[in-house]
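Each value in this text was obtained by applying a stated rule to the coordinates, not by laboratory testing. Nothing here was measured: the structure is a model prediction, and the numbers come from that model. As a convention, Cβ positions derive from the backbone with ideal geometry for all residues, glycine included, and neighbour counts pool all protein chains shown.
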Amino acid sequence: MKLGITKMHGCGNDYIYIDGFQYDIKSPGELSKKLSDRHFSVGGDGVIIIGPSDKADAFMHMYNADGSEGKMCGNGVRCTAKFVHDNFLPDKDVINIETLSGVKKIELKKENEVVTGGTVDMGKAEFDCAKIPALFEDGGVQKSLYIDDCEYKVIPVSMGNPHAVIFMDDDIDIDRFEIEKIGPKFEKNPAFPEGVNTEFVKVISPDTFKMRVWERGSGETLACGTGACAVGSAAVKMGIADEGKDLKVILPGGELIINYTPERVLLTGGAVTAFTGEVCI
């Protein structure tokens, strides 16, 4: 069977997009594992299937590279909105996408009538450990987590999916930090029953942060939209950054802009179509 695909990315966080209105995918997790392989297939951080919704313009079904289903992806939902605009709703400037974390509104950014990105209302950042979920006692934003007898100060936060934000010491070179060794030990730590995405962050200034991320189900990626939102939210909670101001998060794949208030988090970034084609499955 030949399957039409569109390869898209937001800051290098790349997924293989499939028109779920046209194709009925029986085993999406297995398909994601197959197509995400960067050596023997298309390659990507996962697969996103865009299908019908009775609450929004479309539904975003997200699958990680290991085949597990994800609830939310900030970069993915911007690209999903671009896909829906380009293929189905070219006259709309605001696209609503249903996810497993609720309906997200995306205000599209255009240059010469071409969608180049958008701003997503990501909803509220959740710091209640019971709702993340994270198995820490109440009290204080930062929690102690021991990995290989080393204490890490983590800030658990949910952006519709669980995150652990770590502000690194000034003397650590984040570019050389061995994330591939420590990341999996956070991802599968018992303190996070559903696994966790872990952000390792360097504070550049009160409104600029450099971040690397280890995503559950995918490993290190070039960018993570929900992770950048978690970083911005945690920075305000810790008193590092100011509420309601634009914060720049620098990732290996590019830059994202975060704006946090207790009621909502806004995520702004690009959305790019790399290519379209067909694969045999």
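Could you compute the FRET efficiency for residue 130 and residue 151, with r as their C-beta to C-beta distance and R0 at 35 Å, rounded to 0.05?
For residue 130 and residue 151, the calculated efficiency is 0.90.
Helix-only estimate, please: 222 nm mean residue ellipticity of the chain, summing -39500 (n - 2.57) across DSSP H runs of length 4 or more and dividing by its residues, to the nearest 500.
Numbers: 4 runs with 44 residues, N = 281.
Rounded to the nearest 500, it is -4500 deg cm²/dmol.
Return a whole-number percent for the relative contact order of the chain, with Cα pairs under 8 Å and 6 or more residues apart as the contact set.
21 percent
Under 13 Å Cα-Cα from residue 105, which aspartates and glutamates qualify once same-chain neighbours fewer than 8 residues away are excluded?
Straight-distance partners of residue 105: 57, 93, 121.
Which value in nm describes the separation of the simple spin-label points at residue 245 and residue 203, placed 7 Å from the Cα toward the beta carbon?
Roughly 1.3 nm, to one decimal.
By its C-alpha gyration tensor, with a ≥ b ≥ c as the square roots of the eigenvalues, how is the range 31-129 shaped: rounded for a/c under 1.5, else prolate for a/b larger than b/c, else oblate?
Verdict is oblate for the range 31-129.
Label points 7 Å out from Cα along the Cβ direction at residue 100 and residue 138: separation in nm?
My value for the distance between the label points is 2.8 nm.
Loop-only GluC sites (Glu not before Pro) in the range 146-189, please: DSSP not H, G, I, E or B, and at most 13 other Cβ atoms within 10 Å.
Loop-located and lightly packed - 178.
List the lysines whose alpha-carbon lies under 24 Å from that of residue 26, not counting same-chain residues fewer than 8 positions away?
Once the sequence-local lysines are set aside, what remains near residue 26 is 2, 7, 34, 55, 71.
For the range 129-262, how many pairs of lysine residues have a Cα-Cα distance under 19 Å, where the two are 8 or more positions apart or belong to different chains?
For the range 129-262, the number of qualifying lysine pairs is 24.
In the range 12-106, what chymotrypsin sites (Phe, Trp or Tyr not before Pro) fall in a loop by DSSP, with at most 12 other Cβ atoms inside 10 Å? Provide the component values of the computation, followed by the final result.
Values: sites: 15, 17, 21, 23, 40, 59, 63, 83, 88; in loops: 21, 23, 40, 88.
Passing both the DSSP loop test and the Cβ count: 40.
Identify the trypsin sites (Lys or Arg not before Pro) of the range 134-218 meeting these criteria: DSSP loop state and at most 12 other C-beta atoms within 10 Å of the C-beta.
176, 188
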